[in-house]
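*Asks:* This is the structure, below, for whatever I ask next.
The values are calculated or read from the model by the stated rules, or taken from the named source; none is laboratory data. Source: prediction; values computed, not measured. All Cβ positions, even for glycine, are placed from backbone atoms using ideal geometry, and neighbour counts span all protein chains on display.
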There are 4 protein chains.
Amino acid sequence: METIQTNKPINVLDKGFVKLVDIMPKNYTDPELKCDEAIVRAARVSYNQSSKGTERDKKLIQYLVKHHHSVPLESIVFQFQIKCPIFVQRHIVKHRMSSMNEVSARYTKVIDEWYTPNKVRKQCTKNKQSSDGFLDDTLSEQFDSACQSSYKKYEELLEKGVSREMARIILPQSMYTQFFWKIDLRNALHFCNLRNAPDSQWETQQYAQAIEKIIQETNPVSYKTFREQNK
Amino acid sequence: METIQTNKPINVLDKGFVKLVDIMPKNYTDPELKCDEAIVRAARVSYNQSSKGTERDKKLIQYLVKHHHSVPLESIVFQFQIKCPIFVQRHIVKHRMSSMNEVSARYTKVIDEWYTPNKVRKQCTKNKQSSDGFLDDTLSEQFDSACQSSYKKYEELLEKGVSREMARIILPQSMYTQFFWKIDLRNALHFCNLRNAPDSQWETQQYAQAIEKIIQETNPVSYKTFREQNK
Amino acid sequence: METIQTNKPINVLDKGFVKLVDIMPKNYTDPELKCDEAIVRAARVSYNQSSKGTERDKKLIQYLVKHHHSVPLESIVFQFQIKCPIFVQRHIVKHRMSSMNEVSARYTKVIDEWYTPNKVRKQCTKNKQSSDGFLDDTLSEQFDSACQSSYKKYEELLEKGVSREMARIILPQSMYTQFFWKIDLRNALHFCNLRNAPDSQWETQQYAQAIEKIIQETNPVSYKTFREQNK
Amino acid sequence: METIQTNKPINVLDKGFVKLVDIMPKNYTDPELKCDEAIVRAARVSYNQSSKGTERDKKLIQYLVKHHHSVPLESIVFQFQIKCPIFVQRHIVKHRMSSMNEVSARYTKVIDEWYTPNKVRKQCTKNKQSSDGFLDDTLSEQFDSACQSSYKKYEELLEKGVSREMARIILPQSMYTQFFWKIDLRNALHFCNLRNAPDSQWETQQYAQAIEKIIQETNPVSYKTFREQNK
């Protein structure tokens with residue numbers, strides 16, 4: 001009986017991370033299937049004699065993924081801890097088939113951490129919603145100084161006795177936030193398909209890639225089949 | 001046959017609104033029930049002879065609302081258009097049993113509209129997440145000037161060719177956004193119960209109250225029963 | 001301003017039907033788009049000047065359907081009334097993103113209506129879950145007589161004072177049931193894709209086809225695009 | 001580090017059971033909290049230093065349950081294996097916020113197992129949907145013989161080459177079925193509240209009680225608070 005490793009953070013952007021905090025199932029017996037064993041169990045509706053050998057189990061998983069028989073994939077559940085800028089969280093929260101517990105900027109003071117891009121992207125002229133190419137790196141500082149100045153005003157307002165819930169509204173959308181995010185394999189793959197895609201914002205793609213790395217590690221067979229289908 | 005009036009905006013905060021864009025059912029025959037007729041139809045699973053008279057229909061609706069037999073309430077569907085600050089949208093989007101189509105700040109330039117509070121609230125000392133009482137009104141200007149300065153930097157970045165999706169990350173969470181929000185009566189009442197409540201942020205309460213006003217207008221019987229239960 | 005026709009039943013199997021009881025939006029202005037207008041409105045987040053002409057609107061709808069930008073499709077909501085055998089209802093209810101209000105066999109006596117197949121299908125030898133070819137038509141009577149005899153025992157139990165909720169458990173899964181079923185366009189198309197497919201039970205396919213006919217009538221552009229993608 | 005015991009079936013009715021097949025989290029450190037630890041972690045959005053001592057953790061859980069701050073409760077996920085009559089499964093499947101993988105009577109022959117009630121309940125005259133008191137125990141045999149005769153016809157049809165998917169439609173709703181059912185704590189408690197209630201069918205109550213027993217064992221603090229609120 002092997003156990004899935006949890007709590008190793010994958011660093012994302014300048015100060016963020018994605019961490020697998022818990023997973024169901026946590027243990028597995030077949031190292032070629034790992035958590036994918038739970039798909040086989042659910043699809044065959046039998047716990048004890050569920051496996052029919054690695055090869056037949058693999059074929060069943062591949063069949064289910066390819067033909068969108070997706071309910072057995074809901075048997076695998078991830079609990080992630082994620083630290084990301086608010087504008088990325090605003091993309092993630094739109095995936096409704098999941099549970100998000102976020103820190104409250106009403107309850108505690110916001111920490112002085114914001115995302116400062118390394119490279120500043122140019123507006124794409126062909127695709128209205130995308131970037132294309134890079135601008136001078138010195139622009140990066142202007143992002144940082146804008147956030148510094150907003151954060152300073154935030155602290156001033158707090159010192160004057162303004163409530164946290166009001167003062168925080170002047171803070172930029174690049175401030176880091178943190179949350180626990182529970183999502184099952186079916187919906188996690190759908191998330192990766194939409195957000196690790198060229199029309200997704202680059203910063204959001206980085207988070208989707210970190211989640212993909214974890215899925216690949218815990219669910220090798222279903223992940224491989226999924227990626228062969230969605231290149 | 002009467003028709004529910006749509007497209008009259010209810011003004012909220014300094015520049016926001018809530019507007020009922022569409023509703024199902026749109027027509028009704030009994031002015032005491034209005035859209036609540038659809039609850040009776042669904043609960044009795046019959047379209048033509050569904051009504052058993054206003055009094056018996058009212059009692060059925062009251063019974064369903066009181067005893068949490070909530071599925072018939074899902075028969076009424078609202079399509080709202082909402083304009084609110086981003087920090088309010090971040091509360092609304094957490095209600096997952098709904099559909100949100102939001103304008104994209106990647107696709108079009110953000111308009112120079114942000115929320116400036118009239119009255120600035122003090123941090124509550126007893127309740128860590130709340131406000132309590134007011135501070136000097138002149139503080140209101142500091143909110144406005146902070147947003148002005150952030151917006152100016154946003155425009156400068158755009159002028160230098162920075163992509164919209166990047167430049168907008170320095171904009172404050174008080175910027176106005178707009179979205180279409182589809183939600184059924186069951187979930188709309190749950191939303192009002194949580195967000196038109198003393199522990200909800202004051203600004204978010206104002207939006208919940210506008211939505212309550214619309215529900216009261218379109219679904220008088222179920223609304224009254226709901227509010228008698230949740231004072 | 002045109003209005004979608006409702007309440008015309010489409011007959012399905014020997015005694016069943018599918019009926020569009022209500023729809024949002026109920027009215028439309030462009031006969032080439034009909035309810036698909038609501039997709040355009042939601043995608044453009046603007047009610048009044050939403051249309052940019054039939055051709056550009058059509059292209060937007062086609063783009064959204066093809067690229068799985070599915071949230072605007074949730075703006076169209078159907079309320080169906082369906083009469084079908086219980087074994088078909090058991091397939092329909094598995095589609096969770098919908099609301100079902102079903103008649104209760106605990107509350108009222110079950111009517112003497114069951115599905116009797118016209119043609120009796122042979123077990124397929126290649127595909128374990130399918131039928132293949134037909135058997136002698138006289139077998140049809142055996143289905144009918146089995147149900148007759150079960151229904152007779154049901155009535156005997158009721159006469160002896162047995163509660164409805166207990167007596168009904170001996171009734172066969174071919175008994176007809178009725179329900180209101182609310183589902184949005186996104187999920188209705190997904191339902192048709194899975195259930196109007198060769199690996200779906202033939203009787204369930206008939207219901208999916210009736211629903212497709214209604215969608216085609218109310219949402220011509222999105223329906224056509226969907227079917228071109230899923231042949 | 002303790003581990004939650006799984007795979008002990010709780011017998012329900014004459015041939016059914018409820019079995020906890022897997023759970024997230026599977027391990028716990030505080031025997032007074034057990035899986036409720038995951039609620040604390042999610043609510044505080046911090047994995048490592050989440051506990052503030054048993055007493056403060058308990059108070060947090062009680063506060064969340066009492067005030068319907070329910071999202072942290074979604075952090076606990078159960079995978080059940082359930083064997084129950086079809087008419088009970090038809091109640092369970094209506095709880096949409098869950099995942100059900102059921103054995104297919106199209107794919108394999110239905111086993112000769114049906115529910116035969118020990119005691120036969122009388123129709124209640126006051127409450128149209130309920131039973132009240134008992135009838136002569138000999139009536140129990142009539143349930144059994146009705147099912148025997150239907151099952152015999154089912155086997156005859158199969159022998160004549162009728163496809164499984166067709167032959168099974170004459171089988172009664174008291175036939176046993178099996179499924180894997182994944183549901184989180186929030187929705188499992190809601191299920192128990194509705195189905196372990198006097199207006200729920202007695203047989204369905206037995207399954208809800210088995211599930212409650214498991215929840216009480218794995219989540220002692222939240223369960224106790226829930227039951228104090230919903231007596």
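*Asks:* Starting from residues that are of a type in the set (Gly, Ala, Ser) and touching a residue at least 40 places away in the same chain (Cβ under 8 Å), keep the ones in the stretch D:164-190 and report whichever is nearest to the other protein chains (Cβ to nearest Cβ).
*Replies:* Only one residue tops the list, namely D:SER174.
*Asks:* Taking the residues in the stretch C:173-196 that are of a type in the set (D, E, K, R) and more than 23 Å from D:ALA105 (Cβ to Cβ) as candidates, determine which candidate is nearest to the chain's Cα centre (by Cα).
*Replies:* Per the criteria, the residue is C:LYS182.
*Asks:* Within the stretch B:193-205, is there a residue that is on the phi > 0 side of the Ramachandran plot, in contact (Cβ under 8 Å) with a residue 12 or more places away in the chain and surrounded by fewer than 19 Cβ atoms within 10 Å (Cβ to Cβ)?
*Replies:* Looking through the stretch B:193-205, none of the residues is on the phi > 0 side of the Ramachandran plot, in contact (Cβ under 8 Å) with a residue 12 or more places away in the chain and surrounded by fewer than 19 Cβ atoms within 10 Å (Cβ to Cβ).
*Asks:* Identify all residues within the stretch A:148-164 that are surrounded by fewer than 23 Cβ atoms within 10 Å (Cβ to Cβ) and either at pLDDT below 95 or touching a strand residue (DSSP E or B) at 6+ places or on another chain (Cβ under 8 Å) (or both); write none if there are none.
*Replies:* The answer is A:TYR151, A:LEU158, A:GLY161, A:ARG164.
*Asks:* Any chance the stretch A:212-223 includes a residue that's of a type in the set (Asp, Glu), assigned to a loop (DSSP other than H, G, I, E, B), at negative phi and surrounded by fewer than 19 Cβ atoms within 10 Å (Cβ to Cβ)?
*Replies:* no
*Asks:* Facing another protein chain (nearest Cβ under 7 Å) and in contact (Cβ under 8 Å) with a residue 12 or more places away in the chain, is that true of D:MET24?
*Replies:* Against the criterion (facing another protein chain (nearest Cβ under 7 Å) and in contact (Cβ under 8 Å) with a residue 12 or more places away in the chain), D:MET24 qualifies.
Condition check ((1) crowded, with 21+ Cβ neighbours inside 10 Å; (2) hydroxyl-bearing (Ser, Thr, Tyr); (3) over 30 Å from D:SER140 (Cβ atoms)) across all residues:
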residue	(1), (2), (3)
D:PHE17	no, no, no
D:THR29	no, yes, yes
D:ALA43	yes, no, yes
D:GLY53	no, no, yes
D:LYS59	no, no, yes
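*Asks:* Can you tell which of C:SER140, C:SER145 is of a type in the set (Ser, Thr, Tyr), out of contact with any Asp or Glu (no Cβ under 6 Å at 6 or more places or on another chain) and touching a residue at least 12 places away in the same chain (Cβ under 8 Å)?
*Replies:* Criteria check complete, one pass: C:SER140.
*Asks:* For B:VAL93, which of the numbered conditions (1) more than 8 Å from every other protein chain (Cβ to nearest Cβ); (2) over 27 Å from C:LYS8 (Cβ atoms) fails to hold?
*Replies:* So the condition that B:VAL93 fails would be (1).
*Asks:* Also, quick follow-up: I'd like the full set of residues that are touching a Pro at 6+ places or on another chain (Cβ under 6 Å) and surrounded by fewer than 22 Cβ atoms within 10 Å (Cβ to Cβ), limited to the stretch C:63-102.
*Replies:* Residue satisfying the conditions is C:LEU64 alone.
*Asks:* A further question follows. Which count do you get for residues in the stretch D:93-120 that are of a type outside the set (D, E, K, R) and part of a strand (DSSP E or B)?
*Replies:* 4
*Asks:* Inspect all residues belonging to the stretch B:32-39 and state whether any of them is crowded, with 20+ Cβ neighbours inside 10 Å, among the charged types (D, E, K, R), farther than 24 Å from D:LEU194 by Cβ and away from chain C (no Cβ under 11 Å).
*Replies:* yes
*Asks:* Can you find a residue that is surrounded by fewer than 23 Cβ atoms within 10 Å (Cβ to Cβ) and over 30 Å from A:ASN7 (Cα atoms) anywhere in the stretch A:113-122?
*Replies:* Yes; the residues of the stretch A:113-122 include at least one that is surrounded by fewer than 23 Cβ atoms within 10 Å (Cβ to Cβ) and over 30 Å from A:ASN7 (Cα atoms).
*Asks:* Take the residues in the stretch D:102-114 that are in contact (Cβ under 8 Å) with a residue 40 or more places away in the chain and of a type in the set (D, E, K, R); name whichever of them is nearest to the other protein chains (Cβ to nearest Cβ).
*Replies:* Looking at the filtered set, the residue picked out is D:ARG106.
*Asks:* Here is a further query. Checking the structure you have, find out if any residue of the stretch D:88-107 is at pLDDT 95 or above, basic (Lys, Arg) and in contact with a Gly (Cβ under 7 Å, 6 or more places away or on another chain).
*Replies:* no
*Asks:* Is the stretch B:97-111 home to any residue that is more than 24 Å from C:ALA38 (Cα to Cα), of a type outside the set (D, E, K, R) and touching a Ser or Thr at 6+ places or on another chain (Cβ under 8 Å)?
*Replies:* no
*Asks:* Suppose we filter A:TYR151, A:TYR207 for residues that are under 28 Å from D:VAL77 (Cβ atoms) and part of a helix (DSSP H, G or I); which single one remains?
*Replies:* So the residue among A:TYR151, A:TYR207 that is under 28 Å from D:VAL77 (Cβ atoms) and part of a helix (DSSP H, G or I) is A:TYR207.
*Asks:* Right, here's the next one. With in contact (Cβ under 8 Å) with a residue 12 or more places away in the chain and under 22 Å from the mean Cα position of the chain (by Cα) as the only criterion, which of C:SER99, C:SER150 stands out?
*Replies:* Step by step, each of C:SER99, C:SER150 is checked, and only C:SER99 is in contact (Cβ under 8 Å) with a residue 12 or more places away in the chain and under 22 Å from the mean Cα position of the chain (by Cα).
*Asks:* Can you spot a residue in the stretch B:54-61 that is closer than 29 Å to C:ASN187 by Cα and modelled with pLDDT of 95 or more?
*Replies:* yes
*Asks:* Okay, moving on. For the stretch A:123-138, name all the residues that are outside any strand (DSSP E or B) and surrounded by 18 or more Cβ atoms within 10 Å (Cβ to Cβ).
*Replies:* A:SER130, A:LEU135
*Asks:* Then there's this: Filter the strands (runs of 3 or more DSSP E) completely within the stretch C:1-92 down to those with at least 1 residues that are assigned by TED's automatic domain parsing to the domain that holds C:LYS224 and within 23 Å of B:PRO72 (Cα to Cα).
*Replies:* Answer list for the stretch C:1-92: C:16-24, C:77-85.
*Asks:* Mind counting the residues in the stretch C:65-96 that are in contact with a helix residue (DSSP H, G or I) (Cβ under 7 Å, 6 or more places away or on another chain) and free of Cβ contacts under 8 Å to residues at least 40 places away in the same chain?
*Replies:* 1
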